[in-house]
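Visitor: Take a look at the following structure, please.
Laboratory data are not the source of any read-out in this text; all were calculated from the coordinates shown. Model, not experiment: these values are computed from the prediction. A quick note on method: Cβ atoms are made from the backbone with ideal geometry, for glycine too, and the neighbour counts reach across all protein chains shown.
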Amino acid sequence: MAPGSRKYATTRGLKGFTLFELLIVVVILGIAATMIGPAMSRIVRHQRVNRASMIIVSDLQNAFAVAARQREPVRVQADAASRSYQFVDRKTGAVLRIRAFYGDTSEYKLSTLVFTPATFDVFPNGVSSSPVTIDLANGDYLRHITASTAGFVRLVPQ
């Protein structure tokens, strides 16, 4: 054999990975995935609750604005069983907005959404019939929202 062809054969044999090397990489990736999985699940749950809470805060502020703009009272009705709420024109009974936070159609998948009280009115002068507390959760992560009778909506810090 010529010296050049022998050198070519040696470098050609070094290309690629052995089965053992690939197995080690797969084992390392598997160990990393089992360590990162629960943390990622927790982060996703927290993000879902935080996004849902921001939407609820925005919707409550919008209810006060709609009542003032239409110069008609708006009723907010919550249903804890279906984890949803709706804004209703109190005079006509027309549903202005429905928001649901459960099931396969919702990206938030809240396990808890409780309004206290479940029904309250927002008047055109910017006052509500009672102060409101909203608790929402996904698993073990819980957030609280409060709305005063004067229309001040606040996401309570953790």
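Visitor: Just add up the charged neighbours of residue 128: K/R +1, D/E -1, any other residue whose Cβ is under 15 Å from the Cβ of residue 128.
Guide: Charge balance near residue 128 sits at 0.
Visitor: What does the charge count near residue 86 come to, summing +1 for each Lys or Arg and -1 for each Asp or Glu among other residues with Cβ under 15 Å from its Cβ?
Guide: Net charge around residue 86: +1.
Visitor: What distance in nm separates the simple spin-label points at residue 148 and residue 46, each placed 7 Å from Cα in the Cβ direction?
Guide: Computed distance between label sites residue 148 and residue 46 equals 3.0 nm.
Visitor: Another one. What's the whole-number percent of alpha carbon pairs in segment 19-156 lying beyond 17 angstrom?
Guide: Above the 17 Å cut-off, segment 19-156 has 63 percent of its Cα pairs.
Visitor: Taking only Cα atoms and a 10 Å spring cutoff, compute GNM fluctuations for the chain and point out the largest among 39, 68, 147.
Guide: Sorting by GNM fluctuation, first place goes to 39.
Visitor: Any idea how far apart residue 100 and residue 118 come out in nm if each label point goes 7 Å out from Cα toward Cβ?
Guide: Going from the residue 100 label point to the residue 118 one covers 1.8 nm.
Visitor: Cut-off 10 angstrom, C-alpha nodes, Gaussian network model of the chain. Which of 36, 145, 134 fluctuates the most?
Guide: Highest fluctuation of the listed residues: 36.
Visitor: What residue among 122, 25, 49 shows peak mean-square fluctuation when the chain is described by a Gaussian network model with Cα springs under 10 Å?
Guide: 25
Visitor: How much mean residue ellipticity at 222 nm does the chain get from its helices, if each DSSP H run of length 4 or more adds -39500 (n - 2.57) and you divide by all residues, to the nearest 500 deg cm²/dmol?
Guide: Counting only the DSSP helices, I get -14500 deg cm²/dmol.
Visitor: Then there is this: Could you compute the FRET efficiency for residue 141 and residue 19, with r as their C-beta to C-beta distance and R0 at 41 Å, rounded to 0.05?
Guide: Computed FRET efficiency for residue 141 and residue 19: 0.40.
Visitor: If I take every Cα pair under 8 Å that is 6 or more residues apart in the chain, average their sequence separation and divide by the length, what percent do I get for the relative contact order?
Guide: Dividing the mean separation by the residue count of the chain yields 20 percent.
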